[in-house]
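Worksheet: the structure to be examined is printed underneath.
The values are calculated or read from the model by the stated rules, or taken from the named source; none is laboratory data. Because the structure is a prediction, the values reported are computed rather than measured. Every residue, glycine among them, receives a Cβ derived from its backbone with ideal geometry; neighbour counts consider all protein chains shown. Surface areas here come from the heavy atoms of the whole protein model, side chains and all, with no ligands, DNA or RNA. Shrake-Rupley method; radii C 1.70, N 1.55, O 1.52, S 1.80 Å.
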Amino acid sequence: MKVQLIYPEGFDVNSKVLNLSDIEVQALLMSKKVGSEGKYFLVDELIFEDYQDSTGITVILTSSN
């Protein structure tokens, strides 16, 4: 499944698109914190999206301070 990570403002990367397996998506949905780009972020919001031929998830991240 296509998953787009949206990083907090001011981080080196604005966003990243990943193709995750069903097991990886399940783990992501149960997570409150995500490790990416060598740092940890809190999951602020999950948005499920329906495309013409598939579905996807947008994950909005915040700093974990």
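Below, the figures for the structure above:
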| read-out | value |
| --- | --- |
| For SER36, distant residues with modelled amide H under 5 Å away | PHE41 |
| Karplus (6.51, -1.76, 1.60) ³J(HN,Hα), θ = phi - 60°, over region 16-32, in Hz, Gly and Pro reported as x | 8, 10, 10, 10, 9, 6, 4, 5, 5, 5, 4, 5, 4, 5, 8, 8, 9 |
| Volume per residue that the Cα convex hull of the chain spans, once the total is divided by residue count, Å³ | 84 |
| Cβ-placed point charges (K, R +1; D, E -1), dipole of the chain about Cα centre in debye, nearest 20 | 260 |
| Theoretical gain in end-to-end length, SER63 to ASN14 [0.36 nm per residue, Cα-Cα removed] | 16.3 nm |
| Relative contact order of the chain, pairs being alpha-carbon contacts under 8 Å that are 6 or more residues apart, as % | 38 |
| Surface accessible to a 1.4 Å probe, LEU20 within the full protein complex, Å² | 40 |
| Top positive-direction residue, dipole computed over the chain with Cβ charges, set VAL3, THR62, LEU20 | THR62 |
